[in-house]
Amino acid sequence: MSFEDKTLVCRDCGAEFVFTAGEQEFYQQKGFTNQPSRCPDCRRAAKAGRGGSSSPRGNSSSGGGGGDYGFRAERTMHPAVCSACGKETMVPFVPSNDKPVYCSDCFQSRRQERSYSRW
């Protein structure tokens, strides 16, 4: 399937923005069925309002028009000890003593065990 750039209108601010062919292909690969309804600036603002991380407004390296797809702010990592194997690891959140923390190997193992138990 070939894609062509589409001009859409933001539901929040009413500004026109381009939904590029590359973005459309990305949406299809991810299985997304709806096209974006907000411009990149309003998406960032909505994400920030939900507590998500995003780049500061106007500090985009994309040159405008297409969005900041592929950009991710660098995560702050925190030291922790895996609750399953005892190995020292780094996690992208501040560990608390009331919940277990797992290294990537143990986390992946637990994730696979959970997905098999649902069958």
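The values are calculated or read from the model by the stated rules, or taken from the named source; none is laboratory data. Just so you know, these numbers come straight off a predicted model, no measurement behind them. A quick note on method: Cβ atoms are made from the backbone with ideal geometry, for glycine too, and the neighbour counts reach across all protein chains shown.
Spot the failing condition for Ala73; the list is (1) farther than 29 Å from Val101 by Cα; (2) at pLDDT below 85; (3) small (Gly, Ala, Ser), and only one is missed.
Going through (1) farther than 29 Å from Val101 by Cα; (2) at pLDDT below 85; (3) small (Gly, Ala, Ser) one by one, Ala73 breaks only (1).
What number of residues in the range 2-19 are loosely packed, with under 11 Cβ neighbours inside 10 Å, assigned to a loop (DSSP other than H, G, I, E, B) and at pLDDT 90 or above?
Number of matching residues: 2.
Tell me which residues, restricted to the range 21-44, are among the small types (Gly, Ala, Ser) and under 16 Å from the mean Cα position of the chain (by Cα).
Gly31
Taking the condition of being part of a helix (DSSP H, G or I), surrounded by 13 or more Cβ atoms within 10 Å (Cβ to Cβ) and not small (Gly, Ala, Ser), how many residues in the range 20-33 meet it?
Number satisfying all stated conditions: 5.
Could you give me the residue pairs with C-beta distances under 9 Å whose first residue belongs to the range 90-117 and is touching a residue at least 24 places away in the same chain (Cβ under 8 Å), whose second residue is part of a strand (DSSP E or B) and among the hydroxyl-bearing types (Ser, Thr, Tyr) wherever it lies, and which are 6+ apart or on separate chains?
Hits for this filter: Cys106/Thr89.
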